[in-house]
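The block underneath contains the structure these notes are about, expressed in structure tokens.
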Amino acid sequence: MLRVLALAAVVLLGIAPEPSQAISIYTGWERHALVGSDIRLSCSFFSWRFVSDDVSFTWIYRPDGSRETVSIAHYAGGEAYTDNKGRFKDRVEFVGNPKRRDGSILIKNLDFSDNGTFTCDAKNPPDIVGRPSSVRLLVFENLPIQAGVITGAIIGVVLGLLVLIVVIYYLMRFLVARRVFSLSVSKHGKKKKEGSQQRQLWTPPPLTCYPLP
């Protein structure tokens, strides 16, 4: 009887579905683009499992100043579906590679009215529980200088000045050491020359011979 129960437990455990785990979804935080240009919005996910054949991606859009959302792209069952009648008709394209956990979309011919929040959700069954990730799109006539660019430029200038100061410091040390060495050699040579001249100027007195008585 115990053997039968143990065998039944093994069979049940073998056919029982694996428990799902959380899935982490990633997009950018904020993107800037020029009016009339195209932009790629990236979406990827992390899951402990291999990519499922049932992997799916869903993109929804919420305009600035509005609470309403609209689905603009969806991928499931190996097929991509995009907005074919809304504001992004013929302007949104699914360009990701789901087998590589990539659910990116391309939005073409941007307009000022496209400003808003784009949210991506991904499922990799049995991992289906995850928090969607959002990226905000801002469309400009001229791209503003981002704070990161200014910060990077300031850091670059500071580092350049530090390198210049270090180079000048070691160059000055080299010149001072070279000057001291030159003076030392010159002084030593001068003393040696003066000593030679003194030996040359001094001559011993002549020997005088006297006859014996």
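The values are calculated or read from the model by the stated rules, or taken from the named source; none is laboratory data. Only a predicted model underlies this, so the values are computations on that prediction, with no experimental measurement involved. Methodologically, a virtual Cβ is constructed for each residue, glycine included, from the backbone with ideal geometry; neighbour enumeration extends over all protein chains shown. Remember, those area values only see protein heavy atoms, side chains included, never the ligands or the DNA or RNA. Shrake-Rupley method; radii C 1.70, N 1.55, O 1.52, S 1.80 Å.
Some points to look at:
- So PHE46, is it assigned by the TED database to the domain that holds GLY103, under 15 Å from ASN109 (Cβ atoms) and surrounded by 14 or more Cβ atoms within 10 Å (Cβ to Cβ): no
- Any hit, region 24-40, residues being assigned to a strand (DSSP E or B), in the same structural domain as VAL92 (by the TED database) and farther than 21 Å from LEU138 by Cα: yes
- The numbered conditions (1) of a type outside the set (S, T, N, Q); (2) open to solvent by less than 70 Å² (accessible area, probe 1.4 Å); (3) more than 17 Å from GLY130 (Cα to Cα) are all true for VAL51 except (3).
- Number of positions in region 106-154 that are aliphatic (A, V, I, L, M) and either at pLDDT 95 or above or in contact with a Gly (Cβ under 7 Å, 6 or more places away or on another chain) (or both): 8
- Taken together, the residues in region 59-80 that are within 23 Å of GLY116 (Cβ to Cβ) and open to solvent by 40 Å² or more (accessible area, probe 1.4 Å) amount to 11.
- Subset tally (residues that are in a loop (DSSP other than H, G, I, E, B) and free of Cβ contacts under 8 Å to residues at least 40 places away in the same chain) for region 64-111: 15
- Search result, residues across region 99-115 that are at negative phi and either acidic (Asp, Glu) or surrounded by 19 or more Cβ atoms within 10 Å (Cβ to Cβ) (or both): ASP102, GLY103, SER104, ILE105, ILE107, LEU110, ASP111, ASP114
- Single residue of region 83-98 satisfying the filter (open to solvent by 50 Å² or more (accessible area, probe 1.4 Å) and at pLDDT 95 or above) that is farthest from VAL135 (Cα to Cα): ASN97
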